[in-house]
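Below is one structure, written out as structure tokens; the observations come after it.
The values are calculated or read from the model by the stated rules, or taken from the named source; none is laboratory data. Because the structure is predicted, anything quoted here is derived from the model rather than measured. Counting neighbours? That spans all protein chains shown, and the Cβs are built from the backbone with ideal geometry, glycine included.
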Amino acid sequence: MSDFVYFFTFQDASIAFVVIGIILLGIGSAYVGTYSFLDKKALLGDAISHAVLPGICLGFMLAGEKNPIYIVSGAFLSGALATFLTSWLKSNTRLSDDAIIASILSIFFGFGIVFLTVIQKSGNPEMAGLNQFIFGNAIAILEEDLYIYGGLAILIIITLSVFRKEFSMLVFNADFGKSIGYPMGAIRLVFNVLMILAVVIGIQAIGVVLMAALLIAPGAAARFWTDNLGKLLLIAGAFSAISGIIGTYVSFVIPQMPTGPWVVVFLSIFAFVSFLFAPKKGVLSRFVARKHYLKKTHQDHLLKSIFHGLEGGKKTFAIEEIYEAFPYKKKDTRHTITNLISDNLITVDQGLITFTPKGKSEAKRIVRLHRLWELYLNEYMNIAPDHVHDSAEKLEHILTPELEALLENRLNYPKLDPHQETIPRDTDEL
Amino acid sequence: MTGDAISHAVLPGIVIGFFVSGSQRGLEVIIGAGLLGILTTLIINWLKTKAKVQLDASIGITFTLLFAIGIILINMLAYKVDLDQECVLYGEIAYLPIDLWITDAGFSMGPRITYLAILNLVLVSGFIFLLYKELSITSFDENFGIVIGLPAGAINLALMSMVSYTTVSSFEAVGAILVVALLVVPPATAFLWTKKLTSLIKLTCGLGIFIALAGYYLAYVVDSSIAGMMVAVGGVVFLGSALIKSIRPNLLFGTSAPGKPLEI
């Protein structure tokens with residue numbers, strides 16, 4: 001507990017630096033990552049993050065120590081080379097995207113490992129810090145590092161906010177942007193630069209292997225909560241910043257733990273919770289909505305078949321006939337009948353079903369929508385009467401009262417549908 | 001890209017296998033990794049079809065999460081298992097000859113990993129030889145395979161299990177990340193040179209052998225990681241091939257001035 005208080009009251013200035021750093025970095029990479037996720041190029045971030053390793057090692061070799069400027073520029077250059085090679089291979093060979101990305105990623109990483117082992121054999125005492133770049137150690141962020149990494153993160157956030165319109169155009173419809181005269185090539189170049197920068201600033205805290213998660217997961221998770229780009233960026237940034245703070249806290253409390261994996265684990269928890277439980281788009285709510293819809297359609301079908309029976313001249317409708325009308329669905333049907341009774345739409349007396357007034361008007365409404373839609377398709381779309389049933393069978397469940405009024409108006413309150421059957425109205429006798 | 005995802009994602013399985021069996025030799029390691037490999041394929045598939053996450057994002061999220069869990073497990077169990085982060089990253093072929101397989105009679109049979117590699121080679125070649133037709137059909141036209149009654153899902157799962165098994169058996173030698181290079185780079189390079197499946201496979205094998213030998217020699221010369229150098233050689237071959245293939249058409253067929261039209 002005292003650890004908790006100590007950490008979150010920022011008594012130690014270095015903890016404050018680390019937390020500020022990881023928040024800026026999280027938001028920056030989440031912003032870039034969200035755009036590249038929308039651009040369906042999420043794995044490019046993975047390739048870049050592995051590809052910066054040789055640059056880091058070369059920067060270290062040239063500087064002879066862990067100098068952030070050398071390391072950042074080395075990482076940036078090798079990331080840029082990897083991005084360039086990826087797009088060059090894409091336009092000059094017939095290899096598939098994922099083969100290109102996997103090759104570039106592993107080749108650059110291989111070179112990185114070669115340089116790393118060469119440095120190891122050289123026996124430079126500073127080299128211990130270099131391993132941190134692979135798995136990340138946010139606690140090691142110093143004040144001077146913060147100015148560089150934080151400054152770059154702020155640069156990314158500001159650029160993306162100022163040119164939001166241009167970048168949205170790039171990811172949603174680049175051809176449109178080109179046709180109205182925007183320099184899309186230059187915009188893509190700037191975007192790639194920002195993406196590489198986001199990876200470069202993340203390597204110290206998260207590490208090269210897992211940096212991809214920081215680019216991909218926030219955007220993918222936030223996408224389940226909103227359809228609005230502005231909100232999407234905010235939510236993605238928040239997810240990433242919060243998991244950054246928690247991850248740093250864990251690696252502060254348990255010193256031998258690297259920060260990167262913990263940040264990624266918390267970020268993935270956010271992502272999986274979003275996938276499962278987000279309203280509207282989550283797996284759970286889509287499952288519930290589907291169940292609900294299936295229940296409503298079955299109820300509509302039952303009412304309709306009872307209505308057809310009554311229309312044929314019967315006074316009452318035997319419950320057994322309903323079961324026969326929907327074979328293999330006996331359990332559902334029994335359940336739906338119970339629901340209909342409790343909703344006061346039908347009454348069942350000794351196995352015979354009769355409509356209540358409310359049920360009769362509901363059944364008429366469904367049959368009316370069905371037949372109105374058939375007539376509309378026939379008259380306005382010139383579809384033959386024997387082809388209109390299937391479409392009407394689907395739309396009868398979803399046509400709204402407004403659309404119904406519009407159809408009635410358009411068709412001039414018709415009496416008969418294309419099959420010469422009466423379109424039932426509330427005022428009609430049944 | 002699934003190969004990449006699996007090779008990262010089997011890490012927790014390997015660590016748990018190490019922990020359960022207490023040694024690197026255990027069958028548990030291979031079972032754990034195999035299970036994780038299949039689990040990865042299933043999670044990616046579930047995210048894509050059920051949760052409607054786009055494919056690249058579902059791959060990215062799945063393998064980074066599993067890799068992160070693997071690293072955390074290594075750190076938690078650091079004092080209990082003989083496995084560290086460096087080994088995961090780039091393996092060390094150079095130490096493997098020390099790890100001998102000694103029979104009960106005390107007779108040394110040579111490095112254990114050699115036998116593992118031979119076993120893997122036999123399994124993979126057998127798998128491809130027996131299921132060559134089925135694999136070709138499901139890789140080129142999965143829907144056609146389903147239509148003519150092939151169990152496409154099962155064949156895919158078997159292929160992915162083969163990938164995970166190969167990853168695991170190469171893990172000690174080259175590390176979790178560089179396995180990807182050995183899985184992807186030779187076929188990608190060969191693909192630039194040929195369009196026929198049989199010659200693609202032959203060329204891939206040849207390249208694999210060349211990369212291994214040249215990488216080993218160069219690593220010996222500059223005294224660096226063998227696995228890293230193998231991948232670096234593979235990369236040079238790959239990029240060189242891409243460069244040659246992209247230039248050659250211009251030299252051979254490209255014409256600066258249009259030829260004279262036919263005269264009547």
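Miscellaneous remarks
- Residue among A:F17, A:F109, A:F76, A:F37 that is facing another protein chain (nearest Cβ under 10 Å), part of a helix (DSSP H, G or I) and over 21 Å from B:V231 (Cβ atoms): A:F37
- A:L43 meets the conditions (1) more than 14 Å from every other protein chain (Cβ to nearest Cβ); (2) modelled with pLDDT under 85 in every case but one. The failed one is (1).
- Selection count, segment A:133-177, where residues are among the aliphatic types (A, V, I, L, M), without any contact (Cβ under 8 Å) to a residue 24 or more places away in the chain and within 30 Å of A:W262 (Cβ to Cβ): 1
- Of the residues making up segment A:243-259, one or more are surrounded by fewer than 23 Cβ atoms within 10 Å (Cβ to Cβ), under 21 Å from A:A153 (Cα atoms), more than 10 Å from every other protein chain (Cβ to nearest Cβ) and of a type in the set (A, V, I, L, M).
- Sole residue being within 26 Å of the chain's Cα centre (by Cα), crowded, with 24+ Cβ neighbours inside 10 Å, under 19 Å from A:G136 (Cβ atoms) and not charged (D, E, K, R), chosen from A:G79, A:G28: A:G28
- Only residues that are touching a residue at least 12 places away in the same chain (Cβ under 8 Å) and under 20 Å from A:R290 (Cβ atoms) were counted in segment A:389-419, giving 5.
- Criterion (more than 30 Å from A:A236 (Cβ to Cβ) and surrounded by fewer than 21 Cβ atoms within 10 Å (Cβ to Cβ)) met by exactly one of A:A318, A:A289, A:A278: A:A318
- Residue match in segment B:46-63 (condition: within 11 Å of chain A (Cβ to nearest Cβ), touching a residue at least 40 places away in the same chain (Cβ under 8 Å), in a helix (DSSP H, G or I) and β-branched (V, I, T)): yes
- Within segment A:321-348, tally of residues that are among the hydrophobic types (A, V, I, L, M, F, W, C) and in contact (Cβ under 8 Å) with a residue 40 or more places away in the chain: 3
- A:H335 surrounded by fewer than 15 Cβ atoms within 10 Å (Cβ to Cβ), out of contact with any Phe, Trp or Tyr (no Cβ under 9 Å at 6 or more places or on another chain) and part of a helix (DSSP H, G or I): yes
- In this structure, A:V114 does not satisfy being surrounded by fewer than 20 Cβ atoms within 10 Å (Cβ to Cβ), at the interface with another protein chain (Cβ under 7 Å from one of its Cβ atoms) and assigned to a helix (DSSP H, G or I).
- Only a single criterion out of (1) more than 11 Å from chain B (Cβ to nearest Cβ); (2) assigned to a helix (DSSP H, G or I) is not satisfied by A:C57, namely (1).
- For segment B:219-235, filtered to residues that are free of Cβ contacts under 8 Å to residues at least 60 places away in the same chain and of a type in the set (A, V, I, L, M, F, W, C), the residue that is farthest from the other protein chains (Cβ to nearest Cβ) is B:V221.
- Checking every residue in segment B:157-177 against the condition of being among the small types (G, A, S), under 17 Å from B:V236 (Cα atoms) and within 13 Å of another protein chain (Cβ to nearest Cβ) gives zero matches.
- Any hit, segment B:165-177, residues being in contact with a helix residue (DSSP H, G or I) (Cβ under 9 Å, 6 or more places away or on another chain), farther than 21 Å from B:L39 by Cα and small (G, A, S): yes
- Residue within segment A:10-21 that is buried (at least 24 other Cβ atoms within 10 Å of the Cβ) and either in contact (Cβ under 8 Å) with a residue 12 or more places away in the chain or closer than 17 Å to B:D56 by Cβ (or both) present: yes
- Residue in segment A:123-132 that is within 14 Å of chain B (Cβ to nearest Cβ) and exposed (fewer than 14 other Cβ atoms within 10 Å of the Cβ) present: yes
- For segment A:270-314, the set of residues classified as of a type outside the set (S, T, N, Q), touching a Pro at 6+ places or on another chain (Cβ under 9 Å) and within 14 Å of chain B (Cβ to nearest Cβ) consists of A:F270, A:A271, listed by residue number.
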